[in-house]
C-alpha cells in the first residue's frame, strides 16, 4: 500500500502524522504487509498549496478514496486505510 503525506518544512503536526504512519508501517511489517510512505512538500507546488495549505498534514492512499486531514488518531488512520 502506498500513502502520501502532504507536509511542509517546520510543521510539527506533520511530524506527529509521520510518527503515526511509521507506527502503522511497523505493525504491517510484522504481518508481512508493506506500507510505503511518500512525503510531499506542498511548498513545491502552487496547486498543492491552494488545496492543502491550512489542512496539512493530509494523507491520501492508493487504496482509499479521498483524504484524511488533521486531526486524526492511529485508529482513524487504520479505518481510513481500511486496515481494521
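Bear in mind that the values in this text are calculations on the coordinates, not laboratory data. These figures come from a predicted structure and were not determined experimentally.
Its residues counted as N, segment 2-80 yields a C-alpha radius of gyration over 2.2 N^0.38 Å of 1.06.
Relative contact order for the chain using alpha-carbon pairs under 8 Å, separation at least 6, rounded to a whole percent?
Working: 111 pairs, mean separation 31.5, N = 84.
Averaging sequence separation for qualifying contacts and normalising by length gives 37 percent for the chain.
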